[in-house]
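What follows draws every value from the coordinates through simple rules; no lab data is involved. Keep in mind that what you see is a predicted model, and the values were worked out from it rather than measured. A quick note on method: Cβ atoms are made from the backbone with ideal geometry, for glycine too, and the neighbour counts reach across all protein chains shown.
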Amino acid sequence: MPPSSTARGSAYLTALAVEIEKKLRRALASPSQRRNLLQELFADVALEVDDRAKDIIFGEEGSISVADDRYGGPICFYDVLADYFVSMPQNEKSILDLIVQHWSQSFASNIFSLLFHKWLFEVQLENPEVLLRYSSALVQGSTNVFWIDIQTNARRFQSLFQYLLEEVALYSDRLKKIPLQAQRDLFLLLSRFMFFYNSVDKLESFLKQFPDFPNAFLIGGPSDIFVTELADQLQKLKVEPVLLHYLSELKVLQGLELRMTTSTRLKTCLYSFTSPGGPMYPTRAVRHAAWDALDCLFPVGRYPRHLISLFFRLLYPWYWPSSCWNFVISCLQAVLYSLLRLVFSSWENLRKPRQS
């Protein structure tokens, strides 16, 4: 960026930091409005940067496109503010002190995780209690914002996840800056959301970096811990597109060496999505996706499972009409597609002699 653009962007970010500090002070002075003010502040820092603000912060269009590639999508204000607090550490102390005074509020850890997730791993904190407090707030706040993405089926906070995964979890020098317990909590957090943020290609490297757990003898190794967290996450998902996305990504688990208890836990979790009715009430798309995942990960016993499922379906006559209807529709679609393929292949065969 040209020097003038850099100075202009820095002044703009400094003004944003001042506004954040003002809102935090206002929330501290108004106990009755504290939660609403913090919620508004969280919404402000999570907003996408508009074109006018991009021109001010990044200057030339080329700089904007580079930033877009870096963050893997639309840039939000927390992206640029997190970099700002790393490059201007002298401007963060008053805001940090105010956030600490709001620790009891639910949105305080969210705001901290968005604004200071990079700062925490770039500065040296000598006080272990303060470091543990900040690390715990980072994990808690990141959990909250990732769940917001889950509930809305959006990926507004993907850059935060990518930083924690690629720049912290897979980068031992930064990872070791936080206490061991915080490292464990961070890896458990990333395990639950790795599928959602399309980072399964990093799974092998991620499992190699897993910190030691005190009860590893009981819970197993990194693969077992990862799959256990994943199974728990699947049970909590209520948004159908997100659940379908998770189920479609499960094929990456093929070849993982798991303990019998972990394997049974995952199999039970998937099997719970294959039957209509309570307690899951999965849709037909979810049931089919769960069956596909089961057949892919546990091919042994595939046909007996389907036969047993069919037998239990026969015990509930009120499901017969919908099952029969879906079966007829599937058969008609298969016949129609076969006819279309036959017609197109015949048409191609007729065209070849004419062209020759």
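To the nearest whole percent, what portion of all C-alpha pairs in the chain is separated by more than 37 angstrom?
Value for the chain: 37 percent of Cα pairs lie more than 37 Å apart.
Straight-line reach from K54: which aspartates and glutamates have Cα under 20 Å away, leaving out those fewer than 8 places along the same chain?
Partners within reach: E19, D44, D68, D69, D79, D83.
Quantify how much of the Cα-Cα distance distribution of segment 100-178 extends past 18 Å, in percent.
Every Cα pair in segment 100-178 considered, those over 18 Å come to 40 percent.
Give me the angle, in degrees from 0 to 90, between the Cα long axis of helix 320-355 and the longest principal axis of the Cα atoms of the chain, rounded to the nearest 10.
Around 80 degrees separate the two axes.
In this model, which of K118/K202; K93/K118; K202/K251; K118/K177; K208/K238 are farther than 23 Å apart at the alpha-carbon?
K208/K238
Run the numbers on the chain and let me know its relative contact order in percent, using alpha-carbon pairs under 8 Å that are six or more apart.
Worked out over the chain, it gives 10 percent.
To the nearest 500 deg cm²/dmol, what mean residue ellipticity at 222 nm is calculated for the chain from DSSP H runs of n ≥ 4 alone, each contributing -39,500 (n - 2.57), summed and divided by the residues?
When only DSSP H runs of four or more count, the value is -22000 deg cm²/dmol.
Sort 336-348, 194-206 for me by packing, meaning the mean count of neighbouring Cβ atoms within 10 Å per residue, highest on top.
Output ranking for 336-348, 194-206: 194-206, 336-348.
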